[in-house]
Every structure is written in C-alpha cells, then in structure tokens.
1. How much length, in nm to one decimal, is gained on full extension between ASN69 and ALA57, taken as 0.36 nm per residue of separation minus their Cα-Cα distance?
2. How far is helix 74-92 tilted, in degrees, relative to the longest principal axis of the Cα atoms in the chain, given as a value from 0 to 90 rounded to the nearest 10?
3. Taking the Cα centre of the stretch 10-51 as origin and charging only Cβ (+1 Lys, Arg; -1 Asp, Glu), how large is the dipole, in debye to the nearest 20?
4. Angle check, please: helix 31-49 long axis (alpha carbons) against the longest principal axis of the chain (alpha carbons), in degrees 0 to 90, nearest 10.
5. If you wrap a convex hull around the alpha carbons of the chain, what volume per residue comes out, as a whole number of Å³?
6. How many nm is it between the label spots at VAL38 and LEU85, if each spot is 7 Å from the Cα in line with the beta carbon?
7. Measure off 7 Å from each Cα along the Cα-to-Cβ vector at ASN102 and GLU48, then give the distance between these two points in nanometres to one decimal.
8. Top to bottom by accessible area (1.4 Å), largest first, where do ILE50, ILE13 land?
Amino acid sequence: MITVTIYQKFDKIIGYEMKGHAGYADSGFDIYCSAVSVLAITTANALEEIVKKSIHAEQSEGYLKVMLNDTPDEHSQILFESMILGLKGILKDNGKKFLKVNFEEV
C-alpha cells in the first residue's frame, strides 16, 4: 500500500510524503504506483519551475518527501490541492486497497 501524508501548518499545506508500493501489479506495470508517482513528481516540478518555490526533496525506492522551504502562498496551495484532487480520484476509482491519504498538522 502507498501511504501519503499531507503536511499542514496553520491550515496551509507545506509538503507531502509518500512511501510504499501499491502492490497492484509488478514493477513497471502498476497503474496505482504510476498514477501516484506522476502526481507527486509533477507537483514537485511545478512548485520549482512554475511558481519558483524552493523545496527540499528526498527520494529513494518507494519513497518521496517534498517540503516547501518558502512560505506557502496561493500558487503553491493550488498545486498541492490539485495533487490532492488527483489522489482523491484514485481513491474513488477503487484505489482504497492500494492508497491511503493522511493529513498531519506540524
């Protein structure tokens, strides 16, 4: 199962952490891992390249953590909310067996 933790501070999203594997199919063929990975990596890239936010990212096999170094603003919140919308879509589309999303105040 993939576990996603969305980190919030004073009701603003400041980052996220994803760990684990969905286990739906073999590596390279797992649609749930692919979908979650695309959302996570696109969000990190957009934070840096589109809205010019400084982030700290850690990545290894089955793990990604992205945290803002900058103050959250309207643009970063839209990107985070868009990622969450995608994750909720995966959960709605039979993904509850493969994905869990938590929110944590830090």
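1. Between ASN69 and ALA57, full extension yields an extra 3.3 nm.
2. With both axes taken from Cα atoms, the answer is about 20 degrees.
3. 80
4. Between helix and principal axis, roughly 10 degrees.
5. So the per-residue Cα hull volume is 91 Å³.
6. Computed distance between label sites VAL38 and LEU85 equals 1.6 nm.
7. 2.7
8. ILE50, ILE13
The values are calculated or read from the model by the stated rules, or taken from the named source; none is laboratory data. As the structure is a prediction and not an experimental result, all values here were calculated from the model. Cβ: placed from backbone, ideal geometry, glycine included. Neighbour counts: every protein chain shown. Heads up: the accessible areas ignore ligands, DNA and RNA and are worked out on the full protein's heavy atoms, side chains in. Shrake-Rupley method; radii C 1.70, N 1.55, O 1.52, S 1.80 Å.
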